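Here the structure is laid out as structure tokens; the discussion comes afterwards.
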Amino acid sequence: MASTPEEATKILTFAKRWGNVTIAVNHSRRWDPFWQKVVSQVKSRIGAVQDFVGIFSGDLMSVGVHMADLANWFGAKHPYLINSPGDYLLFEVQVMGKRGRLTVVNNGQRAEWDSPMPSMRFQGYSELIGVSDMTRSDIGVFNADMKTPILRACEDMIECVNAKKPGRRAGKMPRCTGADGRKAMETLFDKAN
């Protein structure tokens with residue numbers, strides 16, 4: 001495990017020297033069916049990502065790096081990452097697109113989609129109005145299934161290892177690669193400094 005982008009680069013360099021080494025990073029939302037569905041719908045529902053605001057509680061290395069990975073996964077160019085002190089768990093996201101907004105609340109339990117509609121109050125303007133929401137249970141993922149992402153990550157790594165065996169299609173990469181992990185560290189350190 002790396003604690004700086006430079007350490008992550010050293011690990012990737014070492015793995016490349018050894019040749020047939022696959023590195024996966026446990027940014028668990030990459031294997032979470034709820035987040036997969038949300039990320040897959042962003043472009044079609046709100047258009048290209050313009051802004052990303054991630055608010056989290058906890059320290060940078062155990063929680064913040066996950067938020068940074070999420071920002072990168074959404075394709076945010078210049079995300080805002082806010083570490084909010086408090087004695088409660090907080091992990092929420094707001095993504096602004098050209099055609100609307102996505103807000104993920106309740107620590108990743110519900111996604112809310114807003115679209116611009118003509119304002120009833122201000123002539124000539126549009127306002128963002130809630131058009132739909134999606135919860136984990138809507139897609140068949142329940143709180144009791146929270147172990148699913150880590151099990152999916154393990155299955156993904158097994159597939160990657162098996163793909164490298166003779167006679168198998170080579171080149172299977174995990175959902176969150178070492179390069180993804182390094183990029184998350186770079187994003188986090190860029191925002192923290």
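Taking the criterion of being outside any helix (DSSP H, G or I) and of a type in the set (Asp, Glu), the residues of the range 41-76 that qualify are Asp51, Asp59. Within the range 1-52, the set of residues being of a type in the set (Gly, Ala, Ser), under 13 Å from the mean Cα position of the chain (by Cα) and more than 23 Å from Lys191 (Cα to Cα) comprises just one member, Ser40.
Where residues in the range 104-117 are over 15 Å from the mean Cα position of the chain (by Cα) and closer than 13 Å to Val38 by Cα, which of them is least open to solvent (accessible area, probe 1.4 Å)? Taking the candidates together, the pick is Trp113. Within the range 79-103, the residues that satisfy the criterion of being surrounded by fewer than 19 Cβ atoms within 10 Å (Cβ to Cβ), assigned to a loop (DSSP other than H, G, I, E, B) and in contact (Cβ under 8 Å) with a residue 24 or more places away in the chain are Ser84, Pro85, Gly86, Tyr88, Leu89, Leu90, Lys98, Arg99. When the range 17-40 is filtered for residues that are within 22 Å of Pro116 (Cβ to Cβ) and either touching a strand residue (DSSP E or B) at 6+ places or on another chain (Cβ under 8 Å) or part of a loop (DSSP other than H, G, I, E, B) (or both), only Val38 remains. I'd like the full set of residues that are open to solvent by less than 50 Å² (accessible area, probe 1.4 Å) and either in contact (Cβ under 8 Å) with a residue 60 or more places away in the chain or touching a Ser or Thr at 6+ places or on another chain (Cβ under 9 Å) (or both), limited to the range 43-66. Within the range 43-66, Ile46, Phe56, Ser57, Val63, Gly64, Val65, His66 qualify.
Residues in the range 14-40 that are surrounded by fewer than 20 Cβ atoms within 10 Å (Cβ to Cβ) and in contact (Cβ under 8 Å) with a residue 40 or more places away in the chain were compared, and the one that is farthest from Gly100 (Cα to Cα) is Asn20.
The values are calculated or read from the model by the stated rules, or taken from the named source; none is laboratory data. Predicted model, so just to flag it, every value in this text is computed and none were measured. Methodologically, a virtual Cβ is constructed for each residue, glycine included, from the backbone with ideal geometry; neighbour enumeration extends over all protein chains shown. SASA here: full protein model, heavy atoms, side chains in, ligands and nucleic acids out. Shrake-Rupley method; radii C 1.70, N 1.55, O 1.52, S 1.80 Å.
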